[in-house]
Amino acid sequence: MQGKKGKVYLVGAGPGDIGLLTVKGLRCLQKADVVVYDFHLNAQILNYIKNEAEFVYAGKRGGHHEMSQEEINRIIVEKALEGKTVCRLKGGDPFVFGRGGEEAEVLAEAGIEFEVVPGISSAVAVPAYAGIPLTHREYASSFVVLPGNEASTKTESSIDWRFLATQKGTIVFLMAVKNIEKVTEKLIENGKSPDTPVAVIRWGTRADQVTITSTLKDISGVIRDNEIRPPAVVVVGEVVRLRQRLRWYENKSLFGQRILITREYTDAYQRLEDLGAEIIEFPTIKVVPPESWKELDEAIDRIQSYHWIVFTSANGVRFFFQRLMELDRDIRELHGLKLCAIGTKTASELKRFGLKVDLIPSAFRAEGLIEAFGGEESIKGLRILLPRAEVAREVFPERVRELGGEIDVPVTYRAVKPESHAKRLKRFLREGRITLATFTSGATFNNLCEILGDDVEDLLRDVTIAAIGPVTVKAIEAKGLKVHIMPEEATIDAMVESIIEYFTKRR
């Protein structure tokens, strides 16, 4: 007896900016057992796929296909017949020159349930990011979207070139760069003015967006001179004249910056994206539970014996309370204890649990903490619980013990090197597409070196580097590389602020 069939979601991922992925598209992606994806996607989207999901790369880059359309059809049908939830992830919108209709037909014929999740098409998003409205009361009241390769792929064109050349609306061509001379000739031959404004936008909505403008008669030469290659959107019409006044994306202070972060993404990095940067997330450290909960469990069993709990990071807070709940305990167990949080981020994480923080030292330095607790005399007889990472400095615990205090330091979480596929990152670095790399610890840098291999120095030689703390800087400089940005405060927020200041001054 055949098992229950799975379901296929045909999802449009939008044109590139990860923020243009729809909420429904994200939900489908996160619950998929299999994701079949194309080349023209923001790689960050793939970070939202659950770890155990199967990735299938379908290719489709500049006319070169990793898999034929027939193979793609076969894969999505086979996986669905295995009872799996499949996400067919496509750039732009699946039903706008995305062959989503063909895939839906195959699924319907196989009796497989499917759902279409529209995406924002590059036909409308890319011109908008270039400051070109497709319609405007004074310039154009309509627009038409066409495949730019149609004229060369059919012996008899189905495009009404006479109508296109004489209508006053905006014309948008997708996949037209390789065939631009044929397209412009057809329009001019059929009556379009050779002086009609034209814009070509490559990698639209991305940090490496490039926009050139010219006229219908000259645009093919300008494309050659600027070495514009696919993917690109071509806009023909009077609305192109508005770009000079309405360009907004390219005016952002961090436009053009592609920033590598070597730890998991947090909301602190969003400011960089808001200012036009594109984040490339490539964590070289993964935070996981300890190999054994024994130390922490014992500390939780005698939780009321402590006077203070000191949390040094948001990770420490999360893993501590995760374990507290798993042991069928709750925050009432902390009644009467005082809480110390190192840094405002750690304090904010505690507040999420409804807990008031009694002390927030600015930094985790032994002498500073001793003073914050009231000085050396106040430490004697004090019992402190310090839930912390597996690898941590011993200076503060040793100083507490020297002064007659008691301190337990149970391992609450640990940092490990995740399995990473570095092929795409290496290509980005070789092509000069990464402008800034950030490192929050010596481990994030050293792990990246192991992942990238012996050519790490060459790959990072021309990249601006930001690092948190002197220990991280020392690890980087030991490889012969220069650190350009180091914030005074050892926090991600401070590093983000320093990055913004650095690039703002260079504009």
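Considering Leu460, Leu403, Leu385, the condition of being aliphatic (A, V, I, L, M) and either closer than 12 Å to Thr262 by Cβ or not assigned by TED's automatic domain parsing to the domain that holds Lys294 (or both) is satisfied by Leu460 alone. Looking only at residues in the stretch 335-347 that are among the β-branched types (Val, Ile, Thr) and either in a loop (DSSP other than H, G, I, E, B) or more than 17 Å from Trp308 (Cβ to Cβ) (or both), the one that is modelled with the lowest pLDDT is Thr344. Out of all the residues in the stretch 3-29, which are closer than 19 Å to Glu78 by Cβ, touching a Gly at 6+ places or on another chain (Cβ under 7 Å) and either hydroxyl-bearing (Ser, Thr, Tyr) or crowded, with 23+ Cβ neighbours inside 10 Å (or both)? Hits for the stretch 3-29 are Leu10, Val11.
Residue pairs whose Cβ atoms lie under 8 Å apart, sitting 6 or more positions apart in sequence or on different chains, and linking a residue in the stretch 116-131 that is farther than 28 Å from Glu103 by Cα to a partner that is among the hydroxyl-bearing types (Ser, Thr, Tyr), are Tyr129/Thr205; Tyr129/Tyr249; Ala130/Thr211; Ala130/Tyr249; Gly131/Tyr249. One residue stands out in the stretch 297-334 among those that are in contact (Cβ under 8 Å) with a residue 24 or more places away in the chain and in a loop (DSSP other than H, G, I, E, B): the one that is nearest to the chain's Cα centre (by Cα), namely Ser313.
If you scan the stretch 459-478, which residues turn out to be in contact with a Leu (Cβ under 8 Å, 6 or more places away or on another chain) and among the β-branched types (Val, Ile, Thr)? Answer for the stretch 459-478, where residues must be in contact with a Leu (Cβ under 8 Å, 6 or more places away or on another chain) and among the β-branched types (Val, Ile, Thr): Val463, Thr464, Ile465. Can you confirm whether Ala389 is in contact (Cβ under 8 Å) with a residue 40 or more places away in the chain, under 22 Å from Glu298 (Cβ atoms) and not β-branched (Val, Ile, Thr)? Yes; evaluated as a whole, the condition is true for this residue. Restricting attention to the stretch 359-371, the residues that are in a loop (DSSP other than H, G, I, E, B) and surrounded by 12 or more Cβ atoms within 10 Å (Cβ to Cβ) add up to 5. Close Cβ contacts (under 6 Å, 6 or more residues apart or on different chains) running from residues in the stretch 460-475 that are within 12 Å of Thr444 (Cβ to Cβ) to residues that are among the small types (Gly, Ala, Ser) comprise Ile465/Ala437; Ile468/Ala490; Gly469/Ala490; Val471/Gly442; Thr472/Ser441; Thr472/Gly442; Ala475/Gly442.
Criterion applied to Gly25, Gly59, Gly19, Gly63 was being at pLDDT 95 or above, among the small types (Gly, Ala, Ser) and more than 19 Å from Ala108 (Cα to Cα), and the one residue passing it is Gly25.
Table: residues versus (1) in contact with a helix residue (DSSP H, G or I) (Cβ under 6 Å, 6 or more places away or on another chain); (2) hydrophobic (A, V, I, L, M, F, W, C); (3) at pLDDT 95 or above.
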residue: Asp218; (1), (2), (3): no, no, yes
residue: Trp248; (1), (2), (3): no, yes, yes
residue: Ile279; (1), (2), (3): yes, yes, no
residue: Leu296; (1), (2), (3): yes, yes, yes
residue: Ala299; (1), (2), (3): no, yes, yes
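One residue stands out among those in the stretch 96-127 that are farther than 30 Å from Gly204 by Cα and aliphatic (A, V, I, L, M): the one that is surrounded by the most Cβ atoms within 10 Å (Cβ to Cβ), which is Leu107.
The values are calculated or read from the model by the stated rules, or taken from the named source; none is laboratory data. Please read these numbers as outputs of a predicted model, since none were measured by experiment. As a convention, Cβ positions derive from the backbone with ideal geometry for all residues, glycine included, and neighbour counts pool all protein chains shown.
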